[in-house]
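Following: one structure in structure tokens, then a few remarks.
The values are calculated or read from the model by the stated rules, or taken from the named source; none is laboratory data. Treat the numbers as computed from the prediction; the structure is a model and nothing was measured. All Cβ positions, glycine included, derive from the backbone under ideal geometry; neighbour counts span all protein chains shown. Accessible surface areas use protein heavy atoms only, side chains included; no ligands, DNA or RNA. Shrake-Rupley method; radii C 1.70, N 1.55, O 1.52, S 1.80 Å.
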Amino acid sequence: MFSCGLLITLLVLYIIWDVNYFIRCVATLGYGMLFQRKRRVTDQTSIYGLCTTQDVDIFIRHMNNARYVRELDFARFHFYALTGIYGKIKAKGGGAVQGASSVRYRRTIPIFSAYKITTRLVWWDDKAIYLEQQFVTLGDGFVRAVAMSKQCITKVDVVEMMKQFPGAEQRPEMPEELRQWLEAIETSSQKLRKEK
């Protein structure tokens, strides 16, 4: 009777919650914190994945576009944990939230293909950090997709916080593609303000 109740409870959880998402978060963070060395905030981090039947689109041939964005979450959490950046944000009473993202799909990731996601900090201002992430298939080393994201940091002066990290005392030059992307975001914001 107990096992039947447990099975029903697990089934209900799988129906109303995305249990696999939470399991993957815990596994990714746990593995990183227990078995990988800490990284400098200026270092690149990597996580690995496999395109399975749960990741594919309706044609069952390659990864669904929505799965890329989900996988980027895991890679970002991993970056936060290994570099200690999220710990510093929390210690200052702040938080981090996705402010914007852009994914450029170059070539699909076929079903059952192994890949890695690299994450690196490319720039920051007083309110946000900007990450570049790449999906690279392991079989051929091809960059399948590139993502840029703006991580808005609340209640923290990011420029001052970054000075506490070795190697990040000076902000790097803003990459040209980031500058153009931020201009596009600002243009969109101005358009929406005019529509009010």
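Data for the structure
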{"quantity": "Residue, surrounded by the most Cβ atoms within 10 Å (Cβ to Cβ), within segment 29-48, restricted to residues that are under 13 Å from the mean Cα position of the chain (by Cα) and polar (S, T, N, Q)", "calculated": "45"}
{"quantity": "Neighbours by Cβ (under 6 Å, 6+ apart or cross-chain): first from segment 42-68, in contact (Cβ under 8 Å) with a residue 24 or more places away in the chain; second open to solvent by 50 Å² or more (accessible area, probe 1.4 Å) and among the charged types (D, E, K, R)", "calculated": "44/120; 45/39; 46/116; 48/116"}
{"quantity": "Residue 61 touching a Pro at 6+ places or on another chain (Cβ under 9 Å) and closer than 27 Å to residue 103 by Cα", "calculated": "yes"}
{"quantity": "Odd one out for residue 86, checked against (1) surrounded by 15 or more Cβ atoms within 10 Å (Cβ to Cβ); (2) over 27 Å from residue 38 (Cα atoms)", "calculated": "(2)"}
{"quantity": "Condition met for residue 112 (in contact with a Lys or Arg (Cβ under 6 Å, 6 or more places away or on another chain), at pLDDT 95 or above and not aliphatic (A, V, I, L, M))", "calculated": "no"}
{"quantity": "Residue match in segment 176-184 (condition: touching a residue at least 60 places away in the same chain (Cβ under 8 Å) and over 19 Å from residue 44 (Cα atoms))", "calculated": "yes"}
{"quantity": "Check on residue 67, open to solvent by less than 80 Å² (accessible area, probe 1.4 Å), among the basic types (Lys, Arg) and in contact with a Ser or Thr (Cβ under 9 Å, 6 or more places away or on another chain)", "calculated": "no"}
{"quantity": "Residue 53 vs. criteria surrounded by 12 or more Cβ atoms within 10 Å (Cβ to Cβ) and not in a helix (DSSP H, G or I)", "calculated": "no"}
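Per-residue answers, yes or no, for (1) over 28 Å from residue 121 (Cα atoms); (2) not in a helix (DSSP H, G or I); (3) not small (Gly, Ala, Ser):
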| position | (1), (2), (3) |
| --- | --- |
| 5 | yes, no, no |
| 9 | yes, no, yes |
| 12 | yes, no, yes |
| 49 | no, yes, no |
| 60 | yes, yes, yes |
